[in-house]
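Since the structure comes first, as structure tokens, the remarks are kept for the end.
The values are calculated or read from the model by the stated rules, or taken from the named source; none is laboratory data. Fair warning: this is a prediction, and the values are worked out from it, not measured in the lab. When we count neighbours, we look across all protein chains shown, and the Cβ atoms used for this are built from the backbone with ideal geometry, even at glycine.
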Amino acid sequence: MAQSKELYDAILNGDAKKAHAATEAALAAGALPLQLISESMVPAMDEVGRLFEAEEYFVPELLLAGRAMRSALDLLRPLMTASGEKLSTKVVIGTVKGDLHDIGKNIVGSMLEGSGFEVIDLGADVSPEKFVAAVEEQKPQIVCMSALLTVTMPAMKTTIKALETAGLRTRVKVLIGGAPVTMQYAKEIGADGYSENASAAVGLVRNLLAEA
Amino acid sequence: MDRKYYLDLAARGLRMPIGTDLVMHEESEPEKVRNDGEALARVIERAARRWGTPLAVPLMDLRLEKIDLLALAGISATDAETYHFGSPLDEATLTRMCGEQAVPVCAGSLARDEALAYIGTRPDLVPVGMAIGPFSLTTRLLADPITLAALAGSGVEAEDSEDVQLLWQCLRVSEAAVLRSVRSQIRNGAKAIMICEPTACSAFISPRQLKAGSNLFERLVMEPNLRLKAALEEAGCDLIFHDCGELIDLMVEAFAHRLHPVILSLGSSRKLWEDARLVPKDVVLYGNLPSKSFYSDGAMPVEEVVRRTEELVTNMKACGHPHIVGSECDVLFVPNAQDTIREKVDAMMSGAIAV
């Protein structure tokens, strides 16, 4: 049962204004931020993911839902900071060095955020050194790398090597994705997982965390 | 040219990759070739001759029109690739960016045009131009184009949202930019132009919204491309339409029937022998072997390329639709994978000849 049915519906329908209003109303009625996330927002994004897998929703619906979810999170974050509440899992995400495409990465980031993970987005054209620095500083459990171009895919391997060299590889699970990327390639370069789409990426992160 | 010319190429069993990038990377300094008209022309010619095609296709460099367009807004070529508009444009900027008289300024565009002029002097080659499509250029001008398109598709109008206003403004300046590029290429001898609209697909335009009655695909994709097609027709230049994105049938049908290109090039997510029912018989289908995976022997071993080529050739012969065997997109150079990519292009060129 969703803590706020209005918030759940607003996210499912990709309506940012309604999500914002529903969050304000729920907070005014005494709902706690983490409760709203776990009981309304995460279930809504799970349903969005299910509809995507069923080919009833498409990428635009994922993004609208993500936008609605963020409009709610924007209200909740300051309250969580003030009360010392934290999301349990941290994910660092970025498009690899030499690649400026960030749409796929943004969709995955949005879905992960909507599923209750704290997402640290390093942006596009992220060097291996920057990934290493982010893992050192942020101490995430998961690193997600994206590449759209065949010419930039080798930077995924370079980044994994850089994490190994820095002695950080065993601290994180590394996931890769992007149009030319395959499961075979993930195995070849020593990544822990590959996801074909944003919705599946959420499931993959959950599975990897459960295994850890 | 006569549409029959392309139908004859298909009837003769022409096969060709879009492979100029591969050939360019055989040069000692490929990135210099990109901006050197004479050197680029030689590479384009060599690519056409290597694969025995009269269609001399340039690089599929879809950055050029954006660089030329943003130059009109005072943004340098260096910054152009990562630049996105964040708020609605003022009228003066819009007018400047839509100006008909602007000419290409970026080195890659100038080289492309110079190469076209050179190819025009080779009597056995057809100078083919290349441009990004208006919608795909629009998506490159925005940081979050899918969300903005989805907002527009949900019924939000420009008057209600600055984001949606910006989307329509970007489409307007993009159409003008593509038109300028196309006209410049025609002035330099292009007889056909490949318009590439890879983002005119279900990842950017929601089939759910279309099913619910949205006219978004019409407004964002078809209307500007129909005007582009009319401009090409007026200049006697043929349209080759390329879209390797994930498409739904109504998109394929609209491209095939309403844009009515001489060649329709689709990505490997489509089964061309099934798409043949959506495409008029006087439109040659091109493609669509999964060349984006050629770099990987694991994902796409050469045996699989041979198998898919045989399947494609057999099924296209069975359905009787004019077809040129080819790649799903441009076959890009990948460091340390050039040999396996070439092997697979060779397999595509020779597989199932006897069928």
- Task: Look through A:Ile120, A:Ile160 and report the one residue that is of a type in the set (A, V, I, L, M, F, W, C) and within 15 Å of the chain's Cα centre (by Cα).
- Result: A:Ile120
- Item | Selection count, the stretch A:32-48, where residues are polar (S, T, N, Q) and under 15 Å from A:Leu75 (Cβ atoms) | 2
- Item | Failed item, numbered, when B:Val313 is tested on (1) touching a helix residue (DSSP H, G or I) at 6+ places or on another chain (Cβ under 9 Å); (2) modelled with pLDDT of 95 or more | (1)
- Item | Flag if B:Ala92 is over 20 Å from B:Leu220 (Cα atoms), hydrophobic (A, V, I, L, M, F, W, C) and crowded, with 16+ Cβ neighbours inside 10 Å | no
- Query: Taking the condition farther than 20 Å from B:Ile18 by Cβ, touching a Leu at 6+ places or on another chain (Cβ under 7 Å), among the hydrophobic types (A, V, I, L, M, F, W, C) and touching a residue at least 12 places away in the same chain (Cβ under 8 Å), does B:Leu151 pass?
  - Reply: no
- Message: Any residue that is among the polar types (S, T, N, Q) and either touching a strand residue (DSSP E or B) at 6+ places or on another chain (Cβ under 6 Å) or assigned by TED's automatic domain parsing to the domain that holds A:Gly49 (or both) - is there at least one of those in the stretch A:102-117?
- Response: no
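Within the stretch A:5-30, work out how many residues are surrounded by 24 or more Cβ atoms within 10 Å (Cβ to Cβ) and not hydrophobic (A, V, I, L, M, F, W, C). Spell out the reasoning first.
Within the stretch A:5-30, the first condition is being surrounded by 24 or more Cβ atoms within 10 Å (Cβ to Cβ), and the residues that meet it are A:7, A:10-11, A:14, A:19, A:22-23, A:26.
With not hydrophobic (A, V, I, L, M, F, W, C) added as a condition, the list becomes A:14, A:23.
Final tally of qualifying residues: 2.
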- Exclusive hit being among the acidic types (Asp, Glu), at pLDDT 95 or above and outside the structural domain of A:Arg171 (by TED's automatic domain parsing), set A:Asp74, A:Asp46, A:Asp9: A:Asp9
- Please tell me if B:Ala256 is of a type in the set (Gly, Ala, Ser), over 30 Å from B:Asp339 (Cβ atoms) and without any contact (Cβ under 8 Å) to a residue 40 or more places away in the chain. yes
- Run down B:Ser174, B:Ser206, B:Ser202 and say which single residue is hydroxyl-bearing (Ser, Thr, Tyr) and farther than 26 Å from B:Glu274 by Cα. B:Ser174
- Would you check which residues across the stretch A:147-171 are over 18 Å from B:Pro335 (Cα atoms) and in contact with a Lys or Arg (Cβ under 6 Å, 6 or more places away or on another chain) and list them? A:Leu163
- Note on the structure: If we ask which residues in the stretch A:185-212 are more than 14 Å from chain B (Cβ to nearest Cβ) and surrounded by 18 or more Cβ atoms within 10 Å (Cβ to Cβ), their number turns out to be 8
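Quick check on the stretch B:192-213: of everything there that is charged (D, E, K, R) and more than 9 Å from chain A (Cβ to nearest Cβ), which residue is farthest from the chain's Cα centre (by Cα)?
Among those that are charged (D, E, K, R) and more than 9 Å from chain A (Cβ to nearest Cβ), it is B:Lys211.
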- Condition set in a helix (DSSP H, G or I) and of a type in the set (Val, Ile, Thr), scope the stretch B:6-30, selection farthest from B:Val283 (Cα to Cα): answer is B:Val23
- Note on the structure: Counting only residues that are assigned to a loop (DSSP other than H, G, I, E, B) and under 20 Å from the mean Cα position of the chain (by Cα), the stretch A:2-52 contains a total of 3
